Amino acid sequence: LKYRLSGEDSVAQVVLTISVAYLTYFSSELAECSGIIGVLFLGLTVKAFGENLINNTHLMTHFWEITEMLLNTLLFTLAGCVFGGMLVDSDKTSAVNEQIFEARDWGTLFLLFFLLLAIRFFLIFAFYPLISVI
């Protein structure tokens, strides 16, 4: 380690994390395993063993935070467009006017929402001692 790492090395490390994540996903899918679980374990491995090898952790952290925010925004925007397209009947000349969601469906949806909130509440407070140590 006799030479100093430059700014280009930091950019190369960011590109390497993207490349390795894609490579892990596609190789897991080719092996007929879950690509998402493969990438999850890759992230855990990098966090456990490779964090001290990263040249510029500030750049790496901010890059992945911005990428996560942009992709979440894109995902939920697309999901909202699809859901809105389901609700709005664009074919006004149709003789059959079916409602997509009935009152029973809305009740089930709200029950599921509150059940998921209760499960999240339980999991966060049940595992809080373990999470606070990490």
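So the values come out like this:
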{"read-out": "Residues that are under 16 Å from Val15 (Cβ atoms) and among the polar types (S, T, N, Q), drawn from the stretch 58-79", "value": "Thr61, Thr67"}
{"read-out": "Tally of residues being closer than 23 Å to Ile134 by Cα, among the charged types (D, E, K, R) and surrounded by 13 or more Cβ atoms within 10 Å (Cβ to Cβ) across the stretch 6-57", "value": "0"}
{"read-out": "Scope the stretch 51-92; condition β-branched (Val, Ile, Thr), part of a helix (DSSP H, G or I) and modelled with pLDDT under 90; matching residues", "value": "Thr57, Thr61, Thr77, Val82"}
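The values are calculated or read from the model by the stated rules, or taken from the named source; none is laboratory data. Here the structure is a predicted model, which means the values were calculated and not measured. So basically every Cβ, Gly included, is an ideal-geometry build from the backbone, and we count neighbours across all protein chains shown.
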